[in-house]
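*Asks:* Sharing a structure here in structure tokens format.
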Amino acid sequence: MTTTNTSKITSILKNLKNEKINTWFDLGLFIDKFKEQNLASAFNGNASTFDEHIEKGGIAFLTFYFTIDGITVETEKYAKTFKNIYPDIPIHFIAGEIKEEADELIPKDAFRKVIPEMEAFDAWPLFKDFFQIKMERGSKEYNDLIGKFWTEVLVLVEKLGSYIEENDISLLYLINVCSNPGNVSLALATVLISEYLGIPVINNNHDFYWEGGNRDVEIKKKGLKKGPRDFFFHNAHVGEFFSIIETIYPWESRSWMNVNINKMQQNHLININGHNPANVALLGTAVDTKMHQMSK
């Protein structure tokens, strides 16, 4: 593992702090401008030297938490696969929490990093503000949230970005970070870090917020049944707010590969979200029944 300084993240953070993000419209304009930038890749070689670049820098698996669950079981397989391809690759497991029981699945030689601000859903401080409190344009909740949100994004850019830069990580592998809005601050921070540092991303989507979720107006108009993810659309009526979620879940970029677990998700990204088919892939989930057997 190579350790470097964090001069790039320090500069990035300084520039982000100079952005005047005081309203949801400010943030939307910033993201539009950001998407138009032609940011340089951290890798400038050719296909034959790309493997060396990946193996030297290493891969970081990012998710909300690691425990004994489907996400961690899948991540263990991904880590083994990369080790088979690149025997000397440094592997990092980064999450808001790494539970003790995950020791059975996380490789012994993997580096671990816990960043509490990466926790999600009920453990994310802004989850209620985003998806439970009713927001109206110009309301106190609407005006207060943008400041709290942008502050969190900057904290995560500094903490997560510094770790990535310090360890010269060359590939990010996200699991559900940019498919389910469990922590929107983390999703946006990850987008900013990856693009500014020029690091390629494999964005592995196990499930999306729109699977089992709809806007209230659509439910009433089409007579749809209520779904388990309808709450993600709680404030979808506020366009400048909800467009942030629509833009980063998932992010589309030349350096991002969106990997889905079924064809319905794949088709949705291409046909509805308008993603480039060249950057959308399919990787189903499976369980090694020899290793993971049900107890009798």
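Taken together, the values in this text are just the output of simple stated rules run on the coordinates, not laboratory data. Just so it is clear, the structure is predicted and the values come from calculations on it, not from any experiment. No Cβ is skipped: glycine too gets one built from the backbone with ideal geometry, and neighbour counts run over all protein chains shown.
*Asks:* What spacing in nm lies between the two simple spin-label points modelled at Phe25 and Ser139, each 7 Å away from Cα in the Cβ direction?
*Replies:* Inter-label distance under the simple model: 2.0 nm.
*Asks:* Checking the a/c ratio against 1.5 first, then a/b against b/c, what shape does the Cα gyration tensor give for the range 155-296?
*Replies:* It comes out oblate by the Cα gyration axes.
*Asks:* Turning to a different aspect of this structure: Please state the relative contact order of the chain as a whole percent: Cα pairs under 8 Å, 6+ residues apart?
*Replies:* 20
*Asks:* Counting pairs of alpha carbon atoms under 8 Å apart in space and at least six apart in sequence, what relative contact order in percent does the range 27-93 give?
*Replies:* 41
*Asks:* Moving on. For n ≥ 4 DSSP H runs only, could you compute -39500 (n - 2.57) per run for the chain, divide by its residues and tell me the 222 nm figure to the nearest 500? List each step's numbers first, then the result.
*Replies:* Numbers: 10 runs with 120 residues, N = 296.
Mean residue ellipticity at 222 nm (helix-derived): -12500 deg cm²/dmol.
*Asks:* Can you give the net charge of the other residues whose Cβ lies under 13 Å from the Cβ of Asp122, counting K and R as +1 and D and E as -1?
*Replies:* Residues near Asp122 contribute -2 overall.
*Asks:* Under a GNM of the chain (C-alpha, springs under 10 Å), which listed residue has the highest mean-square fluctuation: Asn279, Asn204, Asn176?
*Replies:* Most flexible of the set in this elastic network: Asn279.
*Asks:* Let me ask something additional. Could you tell me the relative contact order of the range 1-127? Use alpha-carbon pairs under 8 Å, at least six residues apart, and round to a whole percent.
*Replies:* Numbers: 123 pairs, mean separation 28.2, N = 127.
Averaging sequence separation for qualifying contacts and normalising by length gives 22 percent for the range 1-127.
*Asks:* Could you calculate the contour length gain from Lys108 to Ala40, that is, 0.36 nm times the residue separation minus the distance between their Cα atoms, to one decimal place in nm?
*Replies:* Net length gain for the segment: 21.0 nm.
*Asks:* Whose amide H sits under 5 Å from the amide H of Phe66, counting only residues 5 or more places off or on another chain, with H placed in the peptide plane?
*Replies:* Amide H neighbours of Phe66: Glu97, Ile98, Lys99.
*Asks:* Now a separate question. Given the pairs Lys99/Lys148; Lys134/Lys221; Lys128/Lys221; Lys33/Lys221, which span a C-alpha to C-alpha distance of over 24 angstrom in this model?
*Replies:* Correct reply: Lys99/Lys148; Lys128/Lys221; Lys33/Lys221.
*Asks:* How large is ³J(HN,Hα), in whole Hz, for each residue of the range 68-74 in order, when computed from phi with the Karplus curve 6.51 cos²θ - 1.76 cosθ + 1.60 and θ = phi - 60°, using x for Gly and Pro?
*Replies:* Per residue, the Karplus-derived 3J(HN,Hα) values read 8, 7, x, 4, 5, 4, 5 Hz.
*Asks:* Also, I was wondering about something else. What's the extension gain from Thr151 to Glu100 if we count 0.36 nm per residue and subtract their Cα-Cα distance?
*Replies:* Working it through step by step, the gained length comes to 15.3 nm.
*Asks:* Let me know the shape class of the range 1-143, please: from the alpha-carbon gyration tensor, a ≥ b ≥ c as square roots of the eigenvalues, rounded when a/c is under 1.5, otherwise prolate if a/b is greater than b/c, or oblate.
*Replies:* Oblate, because a/c is 1.5 or more while a/b does not exceed b/c.
*Asks:* Using modelled amide H (1.01 Å from N, peptide plane; none on Pro or chain starts), what sits under 5 Å from the amide H of Arg112, excluding residues fewer than 5 places away?
*Replies:* Phe93
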